[in-house]
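Student: My questions will all concern the structure given below.
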Amino acid sequence: MDPFDDLIREIGAKHGIAVGRDDPILVLQTINLRLMHDSAKAQQVQLDQYKEELEGLSQRWGNDARDKAERILNASLAASKDAMQKVMEEGARRAAAALVGEVNALLGAAAARAGDARKLAWLNVFASCVTLCAAAIVLWSVVR
């Protein structure tokens with residue numbers, strides 16, 4: 001089936017005019033079809049170029065977004081690392097202060113006990129001296 005036969009029948013049915021195959025209207029139809037075909041090819045080329053440009057832009061935007069996300073992630077990791085470092089340093093300072101406090105308390109208690117032991121030792125020396133004096137007096141009274 002030829003598209004011109006369909007066109008000849010359609011012109012006859014709608015307009016009541018008989019058109020032959022050598023009619024200039026069919027030449028115009030041929031030119032019109034050729035122009036539409038060439039236009040469709042040109043539009044397809046333009047669409048392909050546009051598609052390539054869009055794909056390039058999409059890829060560039062994706063890369064930019066990924067780079068920005070990586071920079072944000074690295075910045076947040078650095079910030080959290082700094083925060084963790086500060087928390088750890090503060091915890092170490094508190095632990096060291098607590099340890100120093102405990103050691104000082106134990107040393108204070110040990111010093112107090114050492115002072116008590118020194119007093120007790122002096123009392124023992126004094127008691128020994130009193131006992132020695134008493135023994136000397138008893139010995140002197142027995143010898144005399």
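Student: Taking the Cβ of residue 19 as the centre, find all other residues whose Cβ is under 13 Å away and add up their charges (Lys, Arg: +1; Asp, Glu: -1).
Tutor: Spelling it out: positives minus negatives among the neighbours equals -2.
Student: Next question. Only Cα pairs within less than 10 Å get springs; with that Gaussian network setup on the chain, which residue of 83, 110, 92 has the largest fluctuation?
Tutor: Taking springs between Cα atoms under 10 Å, the residue moving most is 110.
Student: What's the center-to-center distance, using Cα atoms, between segment 78-144 and segment 1-21 in Å?
Tutor: 125 Å
Student: Most fluctuating residue of 100, 87, 19 in a GNM of the chain with Cα springs under 10 Å: which is it?
Tutor: 19
Student: Summing -39500 (n - 2.57) over the DSSP H runs of n ≥ 4 in the chain and dividing by its residue number, what mean residue ellipticity at 222 nm do you reach, to the nearest 500 deg cm²/dmol?
Tutor: About -35000 deg cm²/dmol.
Student: Tell me, Kirkwood radius of the chain from alpha-carbon pair distances, in Å?
Tutor: For the chain, inverting the mean 1/r across all distinct Cα pairs yields 28.0 Å.
Student: With everything on Cα atoms, drop me the angle between helix 24-143 and the longest principal axis of the chain, reported from 0 to 90° to the nearest 10.
Tutor: Here the helix axis deviates by roughly 0 degrees.
Student: Under the 0.36 nm per residue contour assumption, what length would be gained going from the current alpha-carbon distance of residue 18 and residue 116 to full extension?
Tutor: 21.4 nm
Student: Please state, to two decimals, what the Cα-based radius of gyration of segment 50-123 comes to when divided by 2.2 N^0.38 Å (N = residues).
Tutor: For segment 50-123, the normalised Cα radius of gyration comes out at 2.79.
Student: Let me ask you something else. Between helix 3-15 and the chain, what is the angle of the helix's C-alpha long axis to the longest principal axis, kept within 0 to 90° and rounded to the nearest 10?
Tutor: 70 degrees
Computed from the coordinates by the stated procedures, all read-outs in this text should not be read as laboratory data. Owing to the predicted nature of the structure, the values given are computational and were not obtained by experimental measurement. We place every Cβ from the backbone using ideal geometry, glycine too, and count neighbours over all the protein chains shown.
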